[in-house]
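K.L.:
My structure is below; once you've seen it, I'll send some questions.
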Amino acid sequence: MKALKFAILAVFPLLTSSCLVSTQKFMKEQKAKESAITTRDSLARLIGAVQTEMDQMKMNLGLANKERDQAKSQLETLTKERNTLSREIEKLKNDTLRLRKGVKSIETKAKASMNARDVMESQNEALSAKNQALATQLEAHEAELKALNQQLDARDKELTSREETIKKLQGVIDEQNAKVQGILTNVKSALTNFSSDQLTVREEGGKVYVAMSNKLLFQSGKTDVNQQGKEALGKVAEVLNKQSDVDIIIEGHTDSIPMKSSSIKDNWDLSVLRATSVVRILTNTYGVSPLQIQPCGRGEYKPLGTNKTEEGRARNRRTEIIIAPKLDKLYELVGTK
């Protein structure tokens with residue numbers, strides 16, 4: 001570009017001066033033409049050089065454009081990469097923020113976990129102590145249970161023994177009841193010839209009661225047994241002599257009217273004397289064993305009826321023969337004598 005400007009500036013004065021050439025100055029013009037040709041050739045060379053320089057410049061421009069395009073492409077690529085990096089950076093910022101929040105949350109949770117761990121350790125220590133206490137209690141309970149089991153075994157054995165004893169007792173009781181029923185039947189059968197006004201036979205509390213009225217046995221105020229009474233006692237003795245394992249009690253009873261006799265003090269005395277008279281008849285006359293029999297007097301204190309009427313007093317004046325099976329077997333079973 002500088003060479004082109006220089007050529008133009010060099011040619012411009014010559015062209016101006018050629019317009020003013022006169023005939024007289026032809027020679028000068030010829031010289032000037034030659035000079036112009038020389039100058040033209042110089043300019044041509046200069047233009048060629050300029051053209052070469054321009055071609056070089058175009059080539060350089062093309063290279064520059066190419067470089068510019070490459071640079072532009074690179075710039076676009078870099079811009080994209082920058083945008084991508086910007087997005088990634090933004091994402092990383094967001095991720096960092098999220099991670100920071102997560103770390104903070106984790107730190108909070110970790111702190112809470114540590115607190116919870118401390119609480120759990122404290123609870124674990126308490127539970128361990130409690131477990132130890134429970135283990136101690138368990139050992140004590142096991143020892144107590146063992147002792148209770150031993151006691152239970154002993155109780156089972158005792159219960160078994162008692163059950164066997166109860167069975168035996170029930171057997172003895174059943175045997176006694178059967179014996180009582182047999183005696184009751186036999187006594188009733190032996191005394192069928194006597195009326196209910198003279199005597200009654202009943203079973204009560206596992207015993208047989210033969211209640212003989214004083215009208216059957218004694219005269220009023222007397223203690224000697226009359227003949228009809230002796231006959232009745234003989235019938236009872238037939239049954240008693242077949243029963244070696246029974247106890248016999250002769251109970252005398254009176255009414256409430258006071259006794260008026262020089263030989264008998266009172267109703268106690270009268271009841272005992274009459275019971276004794278019956279015992280003598282049974283043992284001496286009819287052979288009942290004295291080891292089985294005993295007399296007793298109840299006076300007026302165990303009445304069957306009221307003492308305010310004659311009928312009631314007649315019921316109260318009686319002698320009872322009480323027949324009871326011996327209880328030796330029962331005493332042996334229960335360990336009592």
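K.L.:
Being without any contact (Cβ under 8 Å) to a residue 24 or more places away in the chain and part of a helix (DSSP H, G or I) is the filter; apply it to the stretch 185-216 and report the residue that is farthest from GLY234 (Cα to Cα).
P.N.:
The extreme case among them is THR185.
K.L.:
Suppose the filter is farther than 26 Å from ASN177 by Cα, of a type outside the set (Val, Ile, Thr) and either more than 60 Å from the chain's Cα centre (by Cα) or surrounded by fewer than 19 Cβ atoms within 10 Å (Cβ to Cβ) (or both); does LYS260 pass it?
P.N.:
In short, yes.
K.L.:
Another question, then. Scan the stretch 48-64 and tell me whether some residue there is small (Gly, Ala, Ser), modelled with pLDDT of 80 or more, over 60 Å from the mean Cα position of the chain (by Cα) and surrounded by 12 or more Cβ atoms within 10 Å (Cβ to Cβ).
P.N.:
The answer is yes; a qualifying residue exists.
K.L.:
Could you grab me the full set of residues in the stretch 233-257 that are part of a helix (DSSP H, G or I), among the β-branched types (Val, Ile, Thr) and either surrounded by fewer than 21 Cβ atoms within 10 Å (Cβ to Cβ) or under 60 Å from the mean Cα position of the chain (by Cα) (or both)?
P.N.:
Across the stretch 233-257, there are no qualifying residues.
K.L.:
Moving on. Which residue, of LYS109, LYS146, is more than 36 Å from the chain's Cα centre (by Cα) and part of a helix (DSSP H, G or I)?
P.N.:
Matching residue, one of LYS109, LYS146: LYS109.
K.L.:
Could you give every pair whose Cβ atoms fall below 6 Å, whose first residue belongs to the stretch 142-166 and is under 23 Å from GLU332 (Cβ atoms), and whose second residue is part of a helix (DSSP H, G or I), counting only separations of at least 6 or pairs across chains?
P.N.:
THR165/LEU333
K.L.:
Could you list, in sequence order, all residues of the stretch 149-175 that are of a type outside the set (D, E, K, R), surrounded by 12 or more Cβ atoms within 10 Å (Cβ to Cβ) and over 34 Å from the mean Cα position of the chain (by Cα)?
P.N.:
Across the stretch 149-175, the qualifying residues are THR165, ILE166, LEU169, GLY171, VAL172, ILE173.
K.L.:
On the given criteria, is SER17 of a type outside the set (A, V, I, L, M, F, W, C) and at pLDDT below 65?
P.N.:
yes
K.L.:
Taking only the stretch 221-232 into account, find how many residues are touching a residue at least 12 places away in the same chain (Cβ under 8 Å) and outside any loop (DSSP other than H, G, I, E, B).
P.N.:
4
The values are calculated or read from the model by the stated rules, or taken from the named source; none is laboratory data. The structure displayed is predicted, hence computed values, not measured ones. Because the Cβ atoms are built from the backbone with ideal geometry, glycine has one as well, and the counts that use them run over all protein chains shown.
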